[in-house]
Amino acid sequence: MSGMETTERTTWLIRRADDALVLGHRLSEWCGHAPMLEEDLALANIALDQIGVARAFYQATAEALGSDEDRLAYHRSERDYLNLLLVEQPNGDFARTIVRQLLFSAAMVPFWRGCAEGTDAAIAAVAAKAEKEAAYHLRHAAEWTVRLGDGTEESRRRTEAALAWLWPFTDELFEADAVEQAMIGAGAVPDPAVVRPAWEATMETVLARATLSRPEPGWPRSGGRAGRHGEEFGHLLSELQYLQRAHPGATW
Amino acid sequence: MVGAEDSLLRRAEAAVAAVPDPELPFLTIAELGMVRGVTITEGQVEVALSPTYTGCPATAVIAAEVAGALDRAGIPGARVRTVLAPAWTTDWITAAGRSKLLQAGIVPPPTGAARPALFEAAAPPCPACLSPATERLSAFGSTPCKALYRCTACREPFEFFKCL
């Protein structure tokens, strides 16, 4: 990584840490409310995996910036968070949560695999673990998508609606601005040109088995990577950050 | 003095290896393959641990337990650090560890298994009656590392330590 600007790398790290933190937080909102006990456990466990990845990347960023993981996670404002819009979308019903998980995990598996084979040892170390866990998340989401799509009239209707709602957020998964290009150029992370086809193949397989159609391409939603979030994000942060803001520096 | 340092290292290694996993207390962290190494640099003992799942809540507890075990073995002030690479894998669970898991009614993960394709899954045999006719109740069980299964032959539920 010699010659690489620190700020591009730390921006990249923050983006992935924020993805994981925000998704982990959304999934944790199901705790105690899932449609059945097994799913309460499943979503909570997936959330835990996300928080683990978030911590790993916040720690790496904190090291580079001379900050600490809690300050990064809990004491920034909306515009400073650089997560994808996809992961901050409200959970909605179970179908929408499952479809969000499908769309995200299907991209993360090939993405982490590419990072694990990349030139940045610290990123590769986290990615190697994240990839294995993401494979379980994808499996869970894919199996549920099939059950819901090829299920009752209601489950099918809700899953189709979830796909239609979330599909416009998927282009952002494969955006590559100057920050991403710098990391790609350094050989640290994979090119979206490699990740996207793998994602498309998984989508085709899963949707076909679920007897669902791929939504028509619409107006792509984007901006999270630049800190431009939807209205719900402020509410999310007000819950996520409440304890740390009320008691700054609190520890267990 | 090489001799004294050797014996200190051996004492430290023994203390660390014996630390039980908080969730599966019949297993030690050494049997789980979590201990990457114990080193002594200028009298400072350092333990490298491999975390299992990235979000495993037991990781911090284990690190504290390791420091405590060393303290009780007369080796205070040891440093414990987490090492992410190479990534921990269930392949590192020792044969003794696998046997203990099975004795506790938890089916151990197969070694060196290729990841099953997206809609396929390996069906672990029932640890009670050995029947292959098992079905999965939940991919995520009481801990992130285990899945919940049921035997359709003898009707007993059991847990499966997932391949990672």
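Here are the numbers:
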quantity: Verdict on A:THR251 being surrounded by fewer than 19 Cβ atoms within 10 Å (Cβ to Cβ) and either polar (S, T, N, Q) or in contact with a Cys (Cβ under 6 Å, 6 or more places away or on another chain) (or both); calculated: yes
quantity: Matching helices (runs of 4 or more DSSP H) fully within the stretch A:1-103 where at least 2 residues are aliphatic (A, V, I, L, M) and under 13 Å from the mean Cα position of the chain (by Cα); calculated: A:6-28, A:37-65, A:85-88
quantity: Some residue of the stretch A:27-43 being under 28 Å from A:ALA182 (Cβ atoms) and within 14 Å of another protein chain (Cβ to nearest Cβ); calculated: no
quantity: Some residue of the stretch A:209-224 being in a helix (DSSP H, G or I), within 14 Å of another protein chain (Cβ to nearest Cβ) and at negative phi; calculated: yes
quantity: Matching entry among B:PHE140, B:PHE160 (being facing chain A (nearest Cβ under 10 Å) and either within 17 Å of the chain's Cα centre (by Cα) or assigned to a loop (DSSP other than H, G, I, E, B) (or both)); calculated: B:PHE140
quantity: Test: residue in the stretch A:128-140 that is buried (at least 22 other Cβ atoms within 10 Å of the Cβ), in contact with a Leu (Cβ under 6 Å, 6 or more places away or on another chain) and either facing another protein chain (nearest Cβ under 10 Å) or of a type in the set (A, V, I, L, M) (or both); calculated: yes
quantity: Answer from B:THR94, B:THR134, B:THR89 - the residue that is surrounded by 13 or more Cβ atoms within 10 Å (Cβ to Cβ), more than 22 Å from B:PRO51 (Cα to Cα) and either under 11 Å from the mean Cα position of the chain (by Cα) or without any contact (Cβ under 8 Å) to a residue 40 or more places away in the chain (or both); calculated: B:THR134
quantity: All positions within the stretch B:40-60 that are more than 24 Å from B:GLY105 (Cα to Cα) and either touching a residue at least 12 places away in the same chain (Cβ under 8 Å) or part of a loop (DSSP other than H, G, I, E, B) (or both); calculated: B:ILE40, B:GLU42, B:GLY43, B:GLN44, B:VAL45, B:GLU46, B:VAL47, B:ALA48, B:LEU49, B:SER50, B:THR54, B:GLY55
quantity: Filter result (within 25 Å of B:GLY3 (Cβ to Cβ) and surrounded by fewer than 14 Cβ atoms within 10 Å (Cβ to Cβ)) within the stretch B:16-38; calculated: B:ALA18, B:GLY37
quantity: Residue identified as at pLDDT 95 or above and either out of contact with any strand residue (DSSP E or B) (no Cβ under 6 Å at 6 or more places or on another chain) or away from chain B (no Cβ under 14 Å) (or both) among A:LEU243, A:LEU173; calculated: A:LEU173
quantity: Within the stretch A:141-162, considering residues that are part of a helix (DSSP H, G or I) and small (Gly, Ala, Ser), the one surrounded by the fewest Cβ atoms within 10 Å (Cβ to Cβ); calculated: A:ALA161
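The values are calculated or read from the model by the stated rules, or taken from the named source; none is laboratory data. Since we're looking at a predicted model, the values are computed, not measured. Every residue, glycine as well, gets a Cβ built from its backbone with ideal geometry; the counts of neighbours run over all protein chains shown.
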